[in-house]
Amino acid sequence: MESILAERTKLIDASGIRKVFALAATLKDPINFSIGQPDFDVPDAVKKAAIQAIERGANRYSQTAGDEELIARVTADAKAQYPWDPKVIITSGVSGGLLLAFMSMINPGDEVIIPDPYFVMYKYLVRMFGGTCVYVDTYPDFRLPVQKIAAAITDRTKLIVLNSPVNPTGAVFTAKEIADLAEVASRRQIPILSDEIYEDFSYDQPCASIGKVYDRTLILKGYSKTYAMTGWRMGYAAAGAFLGQDSFLRFGK
C-alpha cells in the first residue's frame, strides 16, 4: 500500500536526544545531560504575573505576531541592544522561530552553512524545505571556524546559521570571532540567523551577539532556558530592514 505521508517525512530521522531519553529510562539513577531543562523552577514573580493574567481573563487569541504590549516591550529591549531598527514577532519558542525562519527564507536548492556540532533541528528543517546543509566542522576545539565558513560560501549560499552559546558543545564565541564572521558575510550580504536561546548562560563575560555588528541578522531568542519556562513556549524573532517590512509581517502569519 502506498504511503499517504509526504516525501519530505523521509528526510527526518528520530531525534538523537529522544533516543538518549529512551536509553536513560532503562538505567538506574542516570545523570541527565541530554536536554536544556534548567534545574530550578520558574521565578515566583513570573508565576504570580501569569496567574494574575489568567484570572483577569487574558486567555483569548492574541494578534498573530503577538500581544501588542508584549511586542512593544520586546522591541524596546531589542532597540536598546542593536544599532538597526528591529521589527519583532513573538514565536512559539525559538524552535517555532526556527521553523518560521527556514520556511520563510529557504527555497529548493539554497545552501545553508551550519557549524558542526549543531542543534538537531537545523538539519531537518533546512532539508524539509528543499535546502542543502553545508556543514563546517568546529573540531577539535569547537571555536567558530570563520575561514572555513568563508571557503564554504558559494553562489547558492542563502544563509549562515550561528548559535552561541552553542548547543551542544557549550562554546561561547568571542566578540572578535563574531566580528570576523560578520565581515565575511558582509562581502556577499549573506543573512545570518543567530540562535541566542542560551545567551544568559555565558558566565565569564556577556555573550557577544552578531546583531550588534551586522544588520543582516535575524535574531532568535527565548525565555525557556533563562527562566526555566521550557513548557511555556515563549520566544521572539527580531530582524531589520533586510527582510522587508511586508515580508517580516508575513513571517508571523
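The values are calculated or read from the model by the stated rules, or taken from the named source; none is laboratory data. These figures come from a predicted structure and were not determined experimentally. Cβ: placed from backbone, ideal geometry, glycine included. Neighbour counts: every protein chain shown. Surface accessibility is based on the protein's heavy atoms, side chains included, excluding ligands, DNA and RNA. Shrake-Rupley method; radii C 1.70, N 1.55, O 1.52, S 1.80 Å.
Using a Cα-Cα cut-off of under 30 Å, which lysines could be cross-linked to LYS19, ignoring same-chain neighbours fewer than 8 residues away?
LYS10, LYS28, LYS123, LYS221, LYS225
Taking the Cα centroid of the range 154-189 and of the range 37-86, what is the distance between the two, rounded to the nearest whole Å?
When both Cα centres are located, 28 Å separates them.
Could you sort 157-164, 231-238 so that the peptide with the highest average Cβ count within 10 Å comes first and the rest follow in order?
157-164, 231-238
What ranking do 88-98, 43-53 get when scored by the average of other Cβ atoms within 10 Å per residue, highest first?
Listed from highest to lowest mean packing, they are 88-98, 43-53.
At a 1.4 Å probe, what is the % contribution of carbon and sulfur to the accessible area of the range 1-150?
Percent of accessible area from carbon and sulfur atoms in the range 1-150: 57.
Could you calculate the contour length gain from ILE4 to SER202, that is, 0.36 nm times the residue separation minus the distance between their Cα atoms, to one decimal place in nm?
66.7 nm
Given a cut-off of under 8 Å on Cα pairs at least six residues apart, what relative contact order in percent is computed for the chain?
23
Nearest 500 deg cm²/dmol is fine: what mean residue ellipticity at 222 nm does the chain get from its DSSP H runs of n ≥ 4 alone, each adding -39,500 (n - 2.57), divided by its residue count?
Value at 222 nm, helices only, nearest 500: -9500 deg cm²/dmol.
With a probe of 1.4 Å, find how much accessible area the chain has per residue, and write the answer as a whole number in Å².
Solvent-accessible surface per residue comes out at 57 Å².
What's the long-distance tail for the range 10-126, i.e. % of Cα pairs beyond 24 Å?
54
Amide H neighbours of LEU218 under 5 Å, at least 5 residues apart or on other chains, H built in the peptide plane: list them.
Residues meeting the amide H criterion: ILE192, LEU193, SER194.
How high is the relative contact order of the range 160-211, in percent, counting Cα pairs under 8 Å that sit 6 or more residues apart?
49
Taking only C-alpha pairs under 8 Å that are 6+ residues apart, what is the relative contact order of the range 116-253 in percent?
Here the relative contact order equals 17 percent.
If I stretch the segment between ALA150 and ALA58 completely, what's the gain in nm (0.36 nm per residue apart, minus their alpha carbon distance), one decimal?
That works out to 28.3 nm of additional length.
Rounded, prolate or oblate: which fits the chain, taking a ≥ b ≥ c as square roots of the Cα gyration tensor eigenvalues, rounded meaning a/c under 1.5, else prolate when a/b beats b/c?
Here the chain falls in the rounded category.
Simple spin-label model, 7 Å along Cα-to-Cβ: VAL42 to ALA175 in nm?
In this crude label model, VAL42 to ALA175 measures out at 3.5 nm.
Need one number: % antiparallel among DSSP beta bridges in the chain, to the nearest 5.
Counting only bridges with both partners in the chain, antiparallel ones make up about 40 percent.
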